[in-house]
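Reading through the structure tokens given below for one structure.
The values are calculated or read from the model by the stated rules, or taken from the named source; none is laboratory data. Everything quoted here is computed from the prediction, not taken from an experiment. All Cβ positions, even for glycine, are placed from backbone atoms using ideal geometry, and neighbour counts span all protein chains on display. Calculation scope for accessible area: heavy atoms of the full protein, side chains included, ligands and nucleic acids excluded. Shrake-Rupley method; radii C 1.70, N 1.55, O 1.52, S 1.80 Å.
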Amino acid sequence: MSVATPPADVLGDGEPHQPGSTEPGDGPSTGRLGDRLFAGAARGAGLLVIAMVTLVGVFLLSQAIPSLADNHANFLTSRVWDVDGDTLRFGIADLLWATIIIATLAMLIAVPIAIGVALFLTQYAPKRLASPFAALVDLLAAVPSIIFGLWGIKVLGPYVLDVQGWIVSVFGWFPLFSSDTTINSSGTIFLASIVLAMMILPIVTALSREVFAQTPNAHKEAALALGATKWEMIRTAVLPFGRPGVISAAMLGLGRALGETIAVTIIVSSLAGGTSWSWSIFNGGETFASRIANNAAEFDSPQKAGAFIAAGLVLFILTFIVNAIARVVIERRKEFTE
């Protein structure tokens, strides 16, 4: 007597096997204790970061509101900073200009150099040269800010004076490059921008290098097969693929530049009160961070400290916006985050 063989699509328990289904143990398990602990720790770490950023913002806002309410000057447009008397008069126009122009100039100097270095290391240099050279560039990120500041004012400053004089003689008709009484001083916005560019160069270079290295070989080989030269292949395959990553790297570098304190404090000469407004990058000035650092020892009253905290709140918002934009750019290309 023959025994009927069960169909192949029936499981051992008599239930039909559904296409695409997996038996127990075939897929990754999420019920293990280690998996649950790791998932909970990762989720908790993310929530902790969000909570810390939120608490910092709430603290700055709560400390700044009383001083802003007692302020007798326009906080956004006034150039006056007088918080020593009973009447508070302070504005951030000078601080905002110095912070933005220093960071912008630093990015204009650093980003093209960083892209060139990243392309050289990933597309031109042999592997035996690319690895040590990349490590050497990355080592710049380990140099403390105070070393960059001292090197900039003592070593680089005298050489920059000659460059400043040449720029003034050729482009002095433009407000940004106009001559100023501080042209004989090396403690200018221009010098701080050069030093700051060197400080953010490793960040932009490292991220750009990783993005360019992820360019699919099929894209590059297709461009070369169509008769493209090495540079044409880079221009048509590597750069378009890496553009979102380079933009996000530049935005992260900009966030770093906006908050730099020690190097800028050492290099840029502070202006005396009542100094007339100047668009020149060969002038002195103070950023948000350097103004707070220079006067940290004078926070002798809640209202006076609140004025500086209000300036810090603006810097916090600027940095948050820059990093949020960088995050949005990264999310637009999932390849960079997966």
Among the residues of the range 109-122, is there at least one that is farther than 20 Å from GLY255 by Cα, in contact with a helix residue (DSSP H, G or I) (Cβ under 8 Å, 6 or more places away or on another chain) and polar (S, T, N, Q)? yes
Helices (runs of 4 or more DSSP H) wholly inside the range 259-338 containing at least 3 residues that are closer than 22 Å to HIS72 by Cα and at pLDDT 80 or above: 288-294, 302-331
Test: residue in the range 265-275 that is free of Cβ contacts under 8 Å to residues at least 60 places away in the same chain, hydroxyl-bearing (Ser, Thr, Tyr), surrounded by fewer than 22 Cβ atoms within 10 Å (Cβ to Cβ) and farther than 27 Å from PRO132 by Cβ: yes
Near pairs, Cβ below 6 angstrom, 6+ apart or cross-chain, from the range 281-304 (over 18 Å from GLY259 (Cα atoms)) to any residue that is among the charged types (D, E, K, R) and part of a loop (DSSP other than H, G, I, E, B): PHE282/ASP180; ASN283/ASP180
Any idea how many residues of the range 142-154 are assigned to a helix (DSSP H, G or I) and open to solvent by less than 70 Å² (accessible area, probe 1.4 Å)? 5
Would you tally the residues in the range 227-247 being touching a residue at least 60 places away in the same chain (Cβ under 8 Å), within 23 Å of the chain's Cα centre (by Cα) and open to solvent by 10 Å² or more (accessible area, probe 1.4 Å)? 3
Restricting attention to the range 67-118, and to residues there that are open to solvent by 40 Å² or more (accessible area, probe 1.4 Å) and of a type in the set (S, T, N, Q), which single residue is farthest from LEU239 (Cα to Cα)? THR87
Residues in the range 207-220 that are in contact (Cβ under 8 Å) with a residue 24 or more places away in the chain, of a type in the set (Gly, Ala, Ser) and surrounded by fewer than 18 Cβ atoms within 10 Å (Cβ to Cβ): how many? 1
The condition from (1) of a type in the set (A, V, I, L, M); (2) under 27 Å from the mean Cα position of the chain (by Cα); (3) buried (at least 17 other Cβ atoms within 10 Å of the Cβ) that ALA42 misses is numbered (3)
Being among the hydrophobic types (A, V, I, L, M, F, W, C), over 17 Å from ILE262 (Cβ atoms) and under 20 Å from the mean Cα position of the chain (by Cα), is that true of even one residue in the range 143-155? no
Failed condition for ALA223, given (1) over 23 Å from TRP97 (Cα atoms); (2) open to solvent by 40 Å² or more (accessible area, probe 1.4 Å), with all others met? (2)
When you go through (1) open to solvent by 30 Å² or more (accessible area, probe 1.4 Å); (2) not in a loop (DSSP other than H, G, I, E, B) one by one for SER179, which number turns out not to apply? (2)
Scanning the range 245-281 residue by residue, those among the hydrophobic types (A, V, I, L, M, F, W, C) and within 14 Å of THR99 (Cα to Cα) turn out to be LEU254, ALA257, LEU258, ILE262, ALA263, VAL264, ILE267, VAL268, TRP279, ILE281
Just to be sure, is LEU55 modelled with pLDDT of 90 or more, out of contact with any helix residue (DSSP H, G or I) (no Cβ under 7 Å at 6 or more places or on another chain) and hydrophobic (A, V, I, L, M, F, W, C)? yes
Which is assigned to a helix (DSSP H, G or I) and surrounded by 11 or more Cβ atoms within 10 Å (Cβ to Cβ), of LEU136, LEU201? LEU201
Select from the range 164-176 the residues that are free of Cβ contacts under 8 Å to residues at least 24 places away in the same chain, part of a helix (DSSP H, G or I) and open to solvent by 50 Å² or more (accessible area, probe 1.4 Å) and write down the one among them that is nearest to LEU105 (Cα to Cα). PHE171
The range 54-92, residues that are under 25 Å from TRP277 (Cβ atoms), not small (Gly, Ala, Ser) and not in a strand (DSSP E or B): LEU68, HIS72, ASN74, PHE75, LEU76, THR77, ARG79, VAL80, VAL83, ASP84, THR87, ILE92
